[in-house]
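The values are calculated or read from the model by the stated rules, or taken from the named source; none is laboratory data. A quick note: this is a predicted structure, and the numbers were derived from the prediction, not measured. Here the Cβ positions follow ideal geometry from the backbone for every residue, glycine too, while neighbour counts run over all protein chains shown. Accessible surface areas use protein heavy atoms only, side chains included; no ligands, DNA or RNA. Shrake-Rupley method; radii C 1.70, N 1.55, O 1.52, S 1.80 Å.
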Amino acid sequence: METDGNKGYIERETLQLVLEEFTQEQKTNNQHIEALVIAVNNVGNKIDAFKKEDNTAKSVSETLDIKAIETILQKGFLDIKFMIGRQPKSIVRKFQILLFPEQDAKLFYKIVFGRWFLWLVIMVALSNLYNWGIHYSDNNKEIEMQQIQNDRIRKAWEYMYSNNDKETKKLMKKAYVNSLESK
């Protein structure tokens, strides 16, 4: 219970301190505003005085040469434009992934998908060409292996046929005829 009472007292004190600080700041702000109002009134009075003097201005009998002043002002304006142009511009970098572009969607998709489809067709064609080349190479290699094996068998057959007696030759002819009939 006592802690609740202490907390309430502390909260009231802190609120009172905060409010006092705010009132002090408000007073100083009011003083500054009053000083500004007085300064603005003084400037307004001076402007009114200058206007009255201007209304009762003297007539100037001499014509002024304002060409030199115009050239100086034009040069000053060009210098100001140049300085403004030289100031660093803020660079904003945006990273976006857009499925639908903000503007010129038809042209965007015509260009992008036209290129994508072209590259897709080229990739599919290259892939099929590569697969056909591998298949062709494997087939040629297998044919060469079969020819080498057949040449070895034929040479072995001819060697045995030429170097054996008549009975073996008859048996070899019979085996050759039987192999042709079984196919």
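Taking the condition free of Cβ contacts under 8 Å to residues at least 12 places away in the same chain and in a helix (DSSP H, G or I), does Lys106 pass? In short, yes.
Against the test of being out of contact with any strand residue (DSSP E or B) (no Cβ under 6 Å at 6 or more places or on another chain), surrounded by 10 or more Cβ atoms within 10 Å (Cβ to Cβ) and not aromatic (Phe, Trp, Tyr), the options Ala49, Ala68 yield a single qualifying residue, Ala49.
Output the residues belonging to segment 3-59 that are outside any helix (DSSP H, G or I) and basic (Lys, Arg). If you could, list the steps in order and put the result at the bottom.
Going through segment 3-59, the residues outside any helix (DSSP H, G or I) turn out to be 56-59.
Within segment 3-59, just Lys58 meets the criteria.
Here Gly114 clears all of (1) modelled with pLDDT under 90; (2) open to solvent by 100 Å² or more (accessible area, probe 1.4 Å) except the condition numbered (2).
Quick one: is Thr3 of a type outside the set (Asp, Glu) and under 56 Å from the mean Cα position of the chain (by Cα)? Against the criterion (of a type outside the set (Asp, Glu) and under 56 Å from the mean Cα position of the chain (by Cα)), Thr3 does not qualify.
Scanning segment 164-183 for residues that are open to solvent by less than 90 Å² (accessible area, probe 1.4 Å) and in a helix (DSSP H, G or I) yields Thr168, Lys169, Met172, Ala175, Val177, Asn178, Ser179.
Conditions tested, residue by residue: (1) more than 30 Å from Phe113 (Cβ to Cβ); (2) open to solvent by 100 Å² or more (accessible area, probe 1.4 Å); (3) out of contact with any Ser or Thr (no Cβ under 7 Å at 6 or more places or on another chain); (4) of a type outside the set (Asp, Glu).
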{"position": "Gln16", "(1), (2), (3), (4)": "yes, yes, yes, yes"}
{"position": "His32", "(1), (2), (3), (4)": "yes, yes, yes, yes"}
{"position": "Gly44", "(1), (2), (3), (4)": "yes, no, yes, yes"}
{"position": "Asp79", "(1), (2), (3), (4)": "yes, no, yes, no"}
{"position": "Lys89", "(1), (2), (3), (4)": "yes, yes, yes, yes"}
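For segment 136-159, does any single residue satisfy the condition of being touching a helix residue (DSSP H, G or I) at 6+ places or on another chain (Cβ under 8 Å) and assigned to a helix (DSSP H, G or I)?
Looking only at segment 136-159, we keep the residues that are touching a helix residue (DSSP H, G or I) at 6+ places or on another chain (Cβ under 8 Å), and these are 157.
Narrowing the set further to residues that are assigned to a helix (DSSP H, G or I) leaves 157.
Taking every residue of segment 136-159 in turn, at least one turns out to be touching a helix residue (DSSP H, G or I) at 6+ places or on another chain (Cβ under 8 Å) and assigned to a helix (DSSP H, G or I).
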